[in-house]
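Data first, discussion second: the structure below is written as structure tokens.
What follows draws every value from the coordinates through simple rules; no lab data is involved. All figures in this text were calculated on a predicted structure; none of them were measured in a lab. Reconstructed Cβ throughout: ideal geometry from the backbone, glycine too, with neighbour counts over all protein chains shown.
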Amino acid sequence: MSNLVRNISPIKGNAKAAYSVIIVAAGAGNRVRSLGSRSLIQITPKQTVLDKQIANINDALPNNEIILVTGFDSERVMKAAPANIIKIENERYEETNIVRSIAIGLHAARHPNVVIIHGDLVFSGETLKYAGFSNKSALIVSNSQEKRQDKIGCIVDNGVVEHMLYDLPYQWAEIIYLTGKELHLFSNLAKRKDKERLLDFEIVNSVIEKGGEFIPLSPNKMSVIDIDSSKDIIEAKAICKS
């Protein structure tokens, strides 16, 4: 197994390329459910998680359309979101899983390059700005080989991702870039009714089994945290200050 994950130098990707960016914010997050949608958690005096995500997306990928898929606490999230983005509700979020929310976003996406971002994710501006999105589909991952049972990791061989699963090295940062063949395969699978209870990494595995390829990207100065607990909120605020 290769120990190398593609580490991106501080050079912006193609600013002229058009991106559909799907923010998936339908889940409740049981450990912080009492706070409402994780997208609306305040992480700076003036910004929520969603505000920070949108600011970073617009800075890194200026030629974009942002598609927000809501579910839990949908009315509040939609009201708080900017008027100039696309907002769609997954009204069956409690009986389905993230794949159905992504499929809803993919139905609305108009561009040949798609970035999928989990709605509970706080990340530094460099994470997308230096990701190097190009003509190859990719997963943003940590360059560390630390294994964690509660996090999705991946096996990397010959510069491509072989498989994703819990307790594997190279932790996945919950950001997917899709283009070309992989976008076609992922979209077709995600839109199937029998897949709507799956997690997105399971669809990535199916795409790989069908001949798709994802390169692992670890942008320089990348900082990412997904908010699952009150401790994560503290770390997210630290990322925003750095």
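Checking every one of the trypsin sites (Lys or Arg not before Pro) in the range 178-227 against DSSP loop status and a limit of 16 other Cβ atoms within 10 Å picks out LYS191, ARG192, ARG197, LYS210, LYS221. Bridges between two residues of the chain, per DSSP, are antiparallel at a rate of about 45%. For ASN90, the residues whose modelled amide H falls within less than 5 Å of its own, excluding neighbours fewer than 5 places apart on the same chain, are THR70, GLY71. Exposed loop sites here mean GluC sites (Glu not before Pro) with a DSSP loop assignment and at most 13 other beta-carbon atoms within 10 Å; the chain contains its longest site-free run at 147-242.
With θ taken as phi - 60° and the Karplus curve 6.51 cos²θ - 1.76 cosθ + 1.60 applied, the whole-hertz 3J(HN,Hα) list for the range 178-192 is 10, 8, x, 4, 5, 4, 4, 5, 4, 4, 4, 6, 5, 7, 6 Hz, x standing for glycine and proline. Annotation: amide H of THR48 within the under-5 Å range of ILE43, sequence separation 5 or more or interchain, hydrogens built in the peptide plane. Loop-located trypsin sites (Lys or Arg not before Pro) across the range 100-176 with a Cβ neighbour count of 15 or fewer within 10 Å are ARG110, LYS147, ARG148, with loop assigned by DSSP. Phi angles across the range 131-139 convert, under the Karplus curve 6.51 cos²θ - 1.76 cosθ + 1.60 with θ = phi - 60°, into 3J(HN,Hα) values of 6, x, 4, 9, 8, 10, 5, 8, 10 Hz, Gly and Pro given as x. Only Lys, Arg, Asp and Glu carry charge here, each on its Cβ (+1 for the first two, -1 for the last two); on that basis the range 123-175 has a dipole of about 140 debye about its Cα centre. Given +1 at the Cβ of Lys and Arg, -1 at the Cβ of Asp and Glu and no other charges, the dipole of the range 116-242 around its Cα centre is 320 debye to the nearest 20.
Each residue of the range 200-206 is assigned a 3J(HN,Hα), and the resulting list reads 5, 5, 5, 5, 4, 4, 5 Hz, derived from the Karplus form 6.51 cos²θ - 1.76 cosθ + 1.60 (θ = phi - 60°), x at Gly and Pro.
Estimated purely from DSSP H runs of n ≥ 4, each contributing -39500 (n - 2.57), the mean residue ellipticity at 222 nm for the chain is -8000 deg cm²/dmol once divided by its residues. Rounded to the nearest 20, the Cβ-based charge dipole of the chain about its Cα centre (Lys and Arg +1, Asp and Glu -1) stands at 540 debye.
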